[in-house]
Amino acid sequence: RSKNDVAWPYVFDKHKATRVCRFMEKFPHIKGRWARRTADHPRPERFVLSPWQCFVTVALFGWVYRAGARNEHGEAVGGRRRFREARIFVPRKQGKSTWAALVGLYMLAADGEPGSEVYAGAAKNEKQAWEVFKPARLMALAVDDYRSKWGVDVLTRNLSSPRTASKFEPIIGKPGEGASSHCAIHDEYHEHKTDEQVDAMRTGMGARAQPLQLIISTAGVNLAGPCYESWRQLERVLDGVLHNDRLFGVIYSADTVRYEWNGATVEPDSWLGDDAIRKANPNLGVSVEIDDLRAEREEARNSPRKQAVYKTKKLN
């Protein structure tokens, strides 16, 4: 739609978008080579958004309702965020959990939501829930300004801000009654056998003005699970078959079918080619290296089991 089309209810606010990016890049890395301390570099490197992370961040936080806009219930919504749900599907080791942890830290304290509740959810594995919460906790511990500016206390199993009655904590399985999430982060969604947790979090957001439900995952193998259904629905939205202005989604994957694009035919990628690696791995050259992926591909060439794992986890 044209930005001059008055019927289009949204506008891109670059100041709100870049505010979140600046917030994220104030935090240090807490694992990997970027967190290593040496005599020449006594402090860990600060987090720097990769292009794909920057794109997702500014899209989620920059698109807002125009001034004077009203929703379907007639309520004034000008300035509120457009997107209420995000589905991010990328292969392993793309930095998605660290990025999601920073989203959680922002939504806890810097989003201006009194009594904010942020949850890092997993299906049934406590370790998986901590994949997002643990880096958030460690990064909060590392930045004094974050804790002092917003009055955030870092405890063993949660982050809290008594000043605003806000909290950020991991959660396993279906949440109890009374949860009113401002931000719900569901990591590795392909491991969820049901949608109990996702549905419960979504229904608990009713009292929030601009909540965010964030689903992040690699591909899985369960075609009967909610992740596959969610993935296919997102494909239909991205293809324009379904209409959902509140849903933002991105899928980084090798092309597996032939399709038409701008009048040209795009052929499927061979899983043995480098094009498949480059399309599927947006953090290539940052947190994953092409030589390492090529080595894994060679191991998978003569092993059906490793081939399935490589296609699913490295090519998404």
- [ ] Would you check if there is a residue in segment 119-129 being in a strand (DSSP E or B) and in contact with a Cys (Cβ under 6 Å, 6 or more places away or on another chain)?
- [x] no
- [ ] Return the total of residues in segment 290-305 being aliphatic (A, V, I, L, M) and open to solvent by 40 Å² or more (accessible area, probe 1.4 Å).
- [x] 1
Task: Cross-chain or 6+ apart pairs with Cβ under 6 Å, segment 290-304 first and within 10 Å of D274 (Cα to Cα) and touching a residue at least 40 places away in the same chain (Cβ under 8 Å), then polar (S, T, N, Q) and surrounded by 11 or more Cβ atoms within 10 Å (Cβ to Cβ) - done: none
- [ ] Given the conditions (1) farther than 21 Å from R81 by Cβ; (2) at pLDDT below 90; (3) small (G, A, S); (4) open to solvent by less than 60 Å² (accessible area, probe 1.4 Å), report the number of the one that A179 does not fulfil.
- [x] (1)
- [ ] Residue by residue through segment 217-250, note down the ones that are surrounded by fewer than 16 Cβ atoms within 10 Å (Cβ to Cβ) and over 22 Å from E191 (Cβ atoms).
- [x] R236, L238, D239, G240, V241, L242, H243, N244, D245, R246
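Scan segment 251-289 for residues that are farther than 21 Å from S217 by Cα, among the β-branched types (V, I, T) and either open to solvent by less than 80 Å² (accessible area, probe 1.4 Å) or touching a residue at least 24 places away in the same chain (Cβ under 8 Å) (or both) and jot them down.
Step one: of segment 251-289, the residues farther than 21 Å from S217 by Cα are 257-270, 272-275.
Now restrict to residues that are among the β-branched types (V, I, T): 257, 265-266.
Selection gives T265, V266.
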Task: Enumeration of residues in segment 88-103 that are part of a loop (DSSP other than H, G, I, E, B), open to solvent by less than 10 Å² (accessible area, probe 1.4 Å) and of a type outside the set (A, V, I, L, M) - done: P91, Q94
Open item on the list: Can you confirm whether E85 is within 21 Å of G112 (Cβ to Cβ), of a type in the set (D, E, K, R) and surrounded by 18 or more Cβ atoms within 10 Å (Cβ to Cβ)?
Closed with: yes
- [ ] Write out, first by first residue and then by second, each pair whose Cβ atoms fall under 7 Å of each other, whose residues are 6+ apart or on separate chains, and whose first residue, in segment 193-213, is within 24 Å of A110 (Cα to Cα) while the second is of a type in the set (V, I, T) and open to solvent by less than 20 Å² (accessible area, probe 1.4 Å).
- [x] none
Task: Looking only at segment 156-173, and only at residues there that are assigned to a strand (DSSP E or B) and hydroxyl-bearing (S, T, Y), the one that is surrounded by the most Cβ atoms within 10 Å (Cβ to Cβ) - done: S166
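For segment 265-280, indicate whether the set of residues that are in contact with a strand residue (DSSP E or B) (Cβ under 8 Å, 6 or more places away or on another chain), of a type outside the set (V, I, T) and modelled with pLDDT of 90 or more is non-empty.
So the first thing to find is which residues in segment 265-280 are in contact with a strand residue (DSSP E or B) (Cβ under 8 Å, 6 or more places away or on another chain), and the list is 265-266, 277-278.
If we keep only those that are of a type outside the set (V, I, T) too, we end up with 278.
Subsequent filtering for residues that are modelled with pLDDT of 90 or more retains 278.
For segment 265-280, residues in contact with a strand residue (DSSP E or B) (Cβ under 8 Å, 6 or more places away or on another chain), of a type outside the set (V, I, T) and modelled with pLDDT of 90 or more: present.
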TODO: Output yes when any residue across segment 66-73 is modelled with pLDDT of 90 or more, open to solvent by 10 Å² or more (accessible area, probe 1.4 Å) and of a type in the set (D, E), and no when none is.
DONE: no
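The values are calculated or read from the model by the stated rules, or taken from the named source; none is laboratory data. Computed from a predicted model, the values in this text were never measured in an experiment. All Cβ positions, even for glycine, are placed from backbone atoms using ideal geometry, and neighbour counts span all protein chains on display. Just so you know, the surface numbers come from the protein's heavy atoms only, side chains and all, with ligands and any DNA or RNA stripped out. Shrake-Rupley method; radii C 1.70, N 1.55, O 1.52, S 1.80 Å.
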